[in-house]
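See below for the structure under consideration.
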Amino acid sequence: MVALACALIAVFFVDSGFAGVPVGGCTSIASIPVTKFIQYGAAIQTIFINYSGIGAGCADCHTTSMGTVFPAGGLDLDPVDSPSPYVNLINMPSFDAPELTYVVPGHPEQSLLFQKANCDTPPIGTRMPFNNYAGGLSVEQQALIYDWIAAGAPVGTTDAIFRGTFDTRGFDQ
């Protein structure tokens, strides 16, 4: 199944014109129950500012607040720097690979945010957080990001009918 998922993603990147490495080494999220109601600010943005429970989050590196001119990877996820990291993600091209999109609503398998959070070899760069900073994202947090994107990545609470618990989730299915 892993080979099939990687092959499908490789086809996507070839079709999209991206000549990067297909995703690999992805963490299975299949055993995590689907989260149907996700509030962006309380769940997803919280991962950006404090995914570890000790104050470490994505925004530790993806910010301009620390006096840096440019956030890591050109992606600012710090809500202090902008009204919401949401506007920097949804349908936005990657700074490092503009042919890739950070979040494609309804399609976590095409979203660079999920690929970088879930796979050891995303299409560009490495798994985030870099060097497993502060212990990295839990499998539950990875599944939450997947479910939020799959539900359309709304800025409010997800309220769409989810595709169903019978759907496979992640790249290793």
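Every number in this text was worked out from the coordinates using simple rules, so none of it is lab data. Predicted model only: the values in this text are computed from it and were never measured.
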Contour minus Cα-Cα span, residue 54 to residue 84, at 0.36 nm per residue, comes to 8.6 nm
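Compute the length gained on full extension between residue 30 and residue 107: take 0.36 nm times their separation in residues and subtract their Cα-Cα distance, giving the result in nm to one decimal. Intermediate values should be presented prior to the final figure.
Details: separation 77, 0.36 × 77 = 27.72 nm, distance 1.64 nm.
Extending this stretch completely gives an extra 26.1 nm.
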Residues meeting the amide H criterion for residue 111 (H placed from the backbone, H to H distance under 5 Å, 5 or more places apart or on another chain) are 104
List the equivalent ellipsoid semi-axes of the stretch 81-138 in whole Å, largest first, each obtained as the square root of 5λ for an eigenvalue λ of the Cα gyration tensor.
19, 15, 11
In order over the stretch 89-100: 3J(HN,Hα) from phi, Karplus 6.51/-1.76/1.60, θ = phi - 60°, whole Hz, x for each Gly or Pro, gives 10, 6, 6, 9, x, 5, 5, 7, 9, x, 6, 9
